[in-house]
Amino acid sequence: MLWGGHEGGLELRKRASGALALHGRFPYGKRAVLSDGGRTGRPRKEAFAPQAFAYRVERPEEDIHLLIGHSYDRPLASRGAGTLDLTDSDDALTFAATLTAEMQEVSYVRDFLAAMRAGLIVGISPGFRIPPERAVPNAEKVEEENPAEGTALIRTIFAALLYELSVVTRPAYDETQIEERNWQPDRLILPVSVHPSARWRA
């Protein structure tokens with residue numbers, strides 16, 4: 001599984017039923033710096049093209065989860081459970097999750113809510129895979145950054161298989177939002193760093 005991320009705000013509101021509505025937004029077309037290149041390497045950046053996640057998002061039978069920190073042991077909501085709605089547009093992938101009263105009694109959910117309200121969990125990170133080249137020949141592109149802007153290698157993802165969205169403390173991207181509401185050139189072989197947030201996805 002690969003990860004990306006954006007930082008922003010979460011919106012959380014309480015409904016009359018006692019359920020919490022959590023809203024979030026992952027914008028398309030924004031570049032994230034995955035690595036500064038260290039002392040001798042080149043910076044690596046990444047961006048998602050509009051509706052890059054459309055394949056699974058547009059198929060309601062495909063289950064997609066909302067997790068804490070990419071851990072399937074800490075789920076918040078899912079499409080299969082009827083507690084996660086996804087809306088895709090050219091601007092962003094948005095979600096609305098319902099945290100039921102029962103889920104709010106779970107210890108890790110209480111911890112998440114406390115951390116979010118304290119401003120410690122501020123972003124969204126998608127968990128995805130790039131489809132095989134035989135299925136989608138041009139799912140991604142790697143190109144040189146404009147020399148006037150820098151020396152980075154920039155990867156643009158045109159098609160990705162989305163399996164989960166996670167709320168995280170430190171996403172790679174800067175413009176994600178989560179809200180709590182009531183109710184290669186063509187093919188480049190690049191090094192992979194150890195930490196997932198700095199991973200160059202290949």
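The values are calculated or read from the model by the stated rules, or taken from the named source; none is laboratory data. Everything numeric here is computed off the predicted structure, so don't read it as measured data. Positions of Cβ are generated from backbone atoms using ideal geometry, with glycine treated the same way; all protein chains shown enter the neighbour counts.
Observations
- Odd one out for PRO50 among (1) of a type outside the set (Lys, Arg); (2) modelled with pLDDT of 95 or more; (3) within 16 Å of the chain's Cα centre (by Cα); (4) part of a strand (DSSP E or B): (4)
- Residues in the stretch 25-52 that are surrounded by 15 or more Cβ atoms within 10 Å (Cβ to Cβ) and either among the β-branched types (Val, Ile, Thr) or more than 25 Å from ALA139 (Cα to Cα) (or both): VAL33 only.
- Pairs are defined by a Cβ separation below 6 Å, a sequence spacing of at least 6 or placement on different chains, a first member in the stretch 105-117 that is farther than 14 Å from LEU22 by Cβ, and a second member that is surrounded by 12 or more Cβ atoms within 10 Å (Cβ to Cβ); the pairs so defined are TYR108/ARG74.
- Unique residue being small (Gly, Ala, Ser), out of contact with any Cys (no Cβ under 7 Å at 6 or more places or on another chain), modelled with pLDDT under 90 and more than 28 Å from ILE154 (Cβ to Cβ) when the list is GLY82, GLY119, GLY123: GLY119
- Top-ranked residue in the stretch 70-80 [being part of a loop (DSSP other than H, G, I, E, B) and surrounded by 14 or more Cβ atoms within 10 Å (Cβ to Cβ); ranked as farthest from the chain's Cα centre (by Cα)]: ARG79
- Screening ARG42 with (1) in contact with a strand residue (DSSP E or B) (Cβ under 7 Å, 6 or more places away or on another chain); (2) more than 16 Å from PHE158 (Cβ to Cβ); (3) in a strand (DSSP E or B) gives one miss only, at (3).
- The stretch 11-24, subset in a strand (DSSP E or B) and at pLDDT 80 or above, residue surrounded by the fewest Cβ atoms within 10 Å (Cβ to Cβ): ALA21
- Hits in the stretch 95-129 (condition: within 15 Å of the chain's Cα centre (by Cα) and either surrounded by fewer than 18 Cβ atoms within 10 Å (Cβ to Cβ) or assigned to a helix (DSSP H, G or I) (or both)): ARG129
- Check on GLU144, loosely packed, with under 15 Cβ neighbours inside 10 Å and modelled with pLDDT under 90: no
- Figure legend. Inter-residue proximity from the stretch 138-153: first residues among the small types (Gly, Ala, Ser), second residues assigned to a strand (DSSP E or B), beta-carbon distance below 6 Å, spacing 6+ or different chains. Indicated pairs: ALA152/LYS45.
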